[in-house]
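FYI, it's all coordinate maths here, none of it is from the lab. Since we're looking at a predicted model, the values are computed, not measured. FYI the Cβ positions are ideal-geometry reconstructions off the backbone, even for glycines, and counts take in every protein chain you see.
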Amino acid sequence: MNWFYVEGGQQRGPVTQEEFDRLAATGVIADNTLVWREGMAAWQPWSSLRPVGAQPGAVSDIPPIVTPGPASDPIPAPAPGRVRCAECGGDFATEETLRYGERHVCATCKPRFLQRLSEGAALLRQAGRPVSPEQVLARDYQVDIGSCASRAHTLITSNYGLLLAAAVVVGLILAAAGMIPLLNLIVPLFLTGPLVGGLYRLYLARLRGQPADFGMAFSGFSSDYWQLVLCQMFPSLLGFAIMIPMAMIMGPAAIFLGRANITSGAMATGAVAIFAGLMIFILIILGIYFYISWYFALRLVADKGFQFWPALQLSRRVVGKHWWGVFWFSIVSGVLMVLGALLCLFGLLYTGPLYVAMSSYLYEDIFGDLAPQPR
């Protein structure tokens, strides 16, 4: 029996019963996900079928997707002494569940929960609806470098061939594009966003326990292409814009300092050198600030369907809560990748995928339950 389901406002399927069960177990199909299978008269939320498995009358064709109405009231809190399972959303007595951090998992869900942890898959969010950008901005988060590195290592070792192959091929394509004479400043602008965005989709799918194949690394060329291009191009053009005043400062300063040794005193020479150095330092700091502030923008476009400018804005505002935390996260993960390159480049076969996986887990911790944007 084949199933169809709605994800990000788009129909997915058909998938087999076994694949559907796996998607439901890993949280891809949530309680409010619209589903349909042969024999059903209309699309229904999974929550209305999961408890009883009811099958309405048969129909000949797949019915059109009906957009859900306004969200219902929030799920009420469990009674005292009872908790809600973080996997299935069921209500259970506290002593009947396994506690993992702030989560409780019922006995039925415990085996697959522990299996997902051993495979490095991301923890499911507490049962509830996807959140809005405003809700993401209203809450806080932590930047846990050790946790992201540990989970990234587990993910890579469990999916090494696929994740390594995708990272290597994408890296080689971008390296080759950067070596094209005369075009090495233009071509990467139209390749980097779609390639890196597709690579992010692949890593996010695997850490969520979703099906993914090598072709997903190139999915940026088939969906959201121009938004991915613009999201990567805008920071790049800003970098070029910052380099222009740097060159305008360094050029005249160098000429003046060269002549000042002969015609001017040491005080004037020192003043020009300090001024030029200070201006260059400010421009470099400005570039670093925006690079860190837009750390998650490309993933928001690739994963959640944001337009490039709202993605840049949301990333900047969220990162602004813990800018230094994200800064040190990028430094540590970047240093790990550089150390891999220093080991005769062979270390990159591990630290390259590790770098992408670490940042993907940090993104998932912050934005994983953010509702996809209408496309």
What FRET efficiency would be calculated for the residue pair TRP323, THR108, taking the C-beta separation as r and a Förster radius of 41 Å, to the nearest 0.05? 0.45
Which part of the range 306-326 falls in the paramagnetic zone of LEU238, meaning amide N under 15 Å from the point 7 Å along Cα-to-beta-carbon? 308-321, 323
